[in-house]
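Structure, as structure tokens:
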Amino acid sequence: MARSYPVVLLAFAALWGANFALIKLAVDEVEPTTMGTARLLLAALALLPFVVLRFGVRTMVAQLRRIGWRIFVVAFFNHALAFVLIAWGEKHIDSSVAAIANATMPLFVALIAIKVRESERATGLRMLGIIVGLGGVAVLAGFDLAVSMMAILGTLAVVVAALSTRSACSTRKSATTTRPR
């Protein structure tokens, strides 16, 4: 492990966690759909120069044509829907609850992997770990019978966003991840 690894990991965690706090600040002034669109446009504008420099415009356009409409389906579920759901959820819950609800993402990856990859069957301790993980997220998010229905729906919106993001990624088949049998 490189010496800089812990520093990079902590910096990444701080940036990732700050995302939920910044969304919470913005949802008072900006609608969730506008915020989701702005996040996607800013990301596209930031990444486009790197893609053009790496591959060139012709190759980039050819790849987009080859991929076709599938890229839009994945982008919708993987980003657009998730960004809007997280922003809408944060209109009704604290950013810390949103970050905890988003922690279900790796658990959904484990659940989806059970169905998608034979080698990832979850039995015994693996399944117990997934169940304990989901229970832990529920405990950390807070189980309060006095909480409003909108807070429950807000938390569920963030959980659905986590599921949407991971299911779109996990079910894609790629030549680089498919192993010969």
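The values are calculated or read from the model by the stated rules, or taken from the named source; none is laboratory data. Please read these numbers as outputs of a predicted model, since none were measured by experiment. All Cβ positions, even for glycine, are placed from backbone atoms using ideal geometry, and neighbour counts span all protein chains on display. Keep in mind that these areas ignore ligands, DNA and RNA; they rest on the heavy atoms of the full protein, side chains included. Shrake-Rupley method; radii C 1.70, N 1.55, O 1.52, S 1.80 Å.
Tabulated results
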item: Some residue of region 135-145 being at pLDDT below 75 and open to solvent by less than 30 Å² (accessible area, probe 1.4 Å); result: yes
item: Test: residue in region 109-117 that is assigned to a helix (DSSP H, G or I), touching a residue at least 60 places away in the same chain (Cβ under 8 Å), closer than 25 Å to Ala13 by Cβ and within 19 Å of the chain's Cα centre (by Cα); result: yes
item: Any hit, region 98-114, residues being surrounded by fewer than 14 Cβ atoms within 10 Å (Cβ to Cβ), out of contact with any His (no Cβ under 6 Å at 6 or more places or on another chain) and at positive phi; result: no
item: Region 40-60 residues that are among the aliphatic types (A, V, I, L, M), paired with ones that are open to solvent by 80 Å² or more (accessible area, probe 1.4 Å) (beta carbon under 9 Å, 6 or more apart); result: Met60/Leu48; Met60/Arg54
item: Matching helices (runs of 4 or more DSSP H) fully within region 1-90 where at least 1 residues are under 30 Å from Met150 (Cα atoms) and open to solvent by less than 100 Å² (accessible area, probe 1.4 Å); result: 5-26, 32-55, 70-75, 81-90
